[in-house]
1. Report the charge-dipole magnitude of chain B in Debye, nearest 20, computed about the Cα centre from +1 at each Lys and Arg Cβ and -1 at each Asp and Glu Cβ.
2. Go ahead and set up a Gaussian network model of chain B, Cα springs under 10 Å, then flag whichever of B:61, B:42, B:216 fluctuates most.
3. Mean Kyte-Doolittle hydropathy of -0.5 or higher plus an axial Cα length of 30 Å or more: which whole DSSP H helices in chain B meet both?
4. Other chains' Cβ within 10 Å of A:6-16 residues: what's the mean?
5. Within 10 Å of each Cβ in B:116-124, how many Cβ atoms from other chains are there, averaged over the peptide?
6. Please report, in debye to the nearest 20, how large the charge dipole of region B:94-216 is about its Cα centre when each Lys and Arg carries +1 at its beta carbon and each Asp and Glu carries -1 there.
7. What does the charge dipole of the protein assembly as shown about its Cα centre add up to, to the nearest 20 debye, if the Cβ of each Lys and Arg holds +1 and the Cβ of each Asp and Glu holds -1?
8. Assuming R0 = 56 Å, what is the FRET efficiency of residue B:280 and residue A:16, from their Cβ-Cβ distance, to the nearest 0.05?
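The values are calculated or read from the model by the stated rules, or taken from the named source; none is laboratory data. The structure presented is a predicted model; accordingly, all values stated were derived computationally and were not measured. Every residue, glycine as well, gets a Cβ built from its backbone with ideal geometry; the counts of neighbours run over all protein chains shown. Heads up: the accessible areas ignore ligands, DNA and RNA and are worked out on the full protein's heavy atoms, side chains in. Shrake-Rupley method; radii C 1.70, N 1.55, O 1.52, S 1.80 Å.
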Amino acid sequence: MTVVPTLGELERAVMDALWSADAAVTARDVQDALAGRELATTTVLTVLGRLERKGLVTRERTGRAHRYRATAGRADHVAELMRDALDATPDRGAALARFLGSIPDDERAALRDLLD
Amino acid sequence: MELPALALLVFGVALAEPVSRLLARARWPGRDPVGALLLWQAIGLAGGLALLGAGLIYGLAPLGAPPAALDAALAELGAGRLPALRVPHVVALVLTAALALRLLGVLVAVTVRTLRGRARHRELLDLLATPWPAAPGARVLEHPVPVAYCLPGLRSRLVVSAGVLDCLDVDQVWAVLAHERTHLRERHDLVVLPFVAWGATAPFVRGMVCAQFAVATLIEMRADDVAVRQASPQQLSGALAAMGGVAPAAALSSFTAALHRRLARIVEPPAPLPLALRALVRLVAAVLVAVPLLAVLG
């Protein structure tokens, strides 16, 4: 008996494939990256379409092929979720202080350069 | 007819301003958070109904008392005639309609904005967070800052950051999850929603802002009370202290700055209100809502 993966799982797998790709990739590339799952091309296209509607993926056309890329990196999205969660806290100062406390020293120096 | 309208107006204004402020400052709600939450809902509902009722009663006064006056006015309009009202009455009715539309409009806008934000947040969560095997239903977000929160709704989510798992032991995580699960199970997001909306309607009324803050604090107390029963006071307070007290919900917008007071309440809980006083609180809540309803519906 084969376990049918849910759409959510497929979306995760496709996003992971896009995040680990260096450049924009075709649906075929995604299909190859997920070869172990034996997905039909139409399935990959459906999932990519859903992700595009959610604003997580952009599509560009080069010649006859459509190429897909993630609109933002994994870390950017995690940061967005964390911002959402921390925005709800009463004491933004304290939340930010905790956030800064979690940054490694070398990155902290880089952040300081950016701010200055 | 001016006297009942005036009395209702005073009643509504009193609820929105001095009563809200007094209740927000009172200490007994910590001894009966559920009763206090019921009272806040009653104050919000009764205040709104009273202001609308006052405008309606005054505006329709020349036609008699509502609800008969309302029927009479509608019958006149239906027959293509303008009801025999003078300028002040028309002004009162227009203001009443404007207030009703504004309250409703803000409530709808806040609800839509909240639902959209939640849906977006949930989409991203489902892509990024991984299930935490130690607690069914909980997901872990790879981020070093310790945050635990819940995303309420029909398809609710329970989230802890990797930072939480780093700085708490498993029992403490359980206590925090019990707290967040209470928010979800008792739909505290819906308890807070009207106050967020009323706060947005009239941010210049201090009583409204006090109410919003007090209700947010009360749902945290309630969730603490339940979590302490499922885990232990030491586990919960230890967890909150370790996390620096930033354990509230994202979409739930809870905000309690008074971490120390909260921790003290968890470790040394005040005696619950006696049964008779609890009953009284609920009775007062019911009476508050009944007053404007009876005044308008007769």
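1. Working: 26 positive and 18 negative charges, 46 e Å.
Once rounded to the nearest 20, the dipole reads 220 debye.
2. Comparing B:61, B:42, B:216 in the GNM, the peak value goes to B:61.
3. Numbers: long enough: B:33-59 (39 Å, 1.57); B:87-128 (61 Å, 1.07); B:206-230 (37 Å, 0.44); B:275-297 (33 Å, 2.43).
Length and hydropathy pass: B:33-59, B:87-128, B:206-230, B:275-297.
4. Working: counts 1, 1, 3, 1, 0, 3, 5, 0, 1, 2, 1.
Counting Cβ atoms of other protein chains within 10 Å of each residue's Cβ and averaging gives 2.
5. Mean inter-chain Cβ contacts per residue within 10 Å come to 3.
6. Values: 13 positive and 9 negative charges, 134 e Å.
Magnitude of the dipole: close to 640 debye.
7. On the way: 43 positive and 37 negative charges, 197 e Å.
In debye, rounded to 20, the protein assembly as shown gives about 940.
8. Numbers: r = 58 Å, r/R0 = 1.04.
After rounding, the FRET efficiency stands at 0.45.
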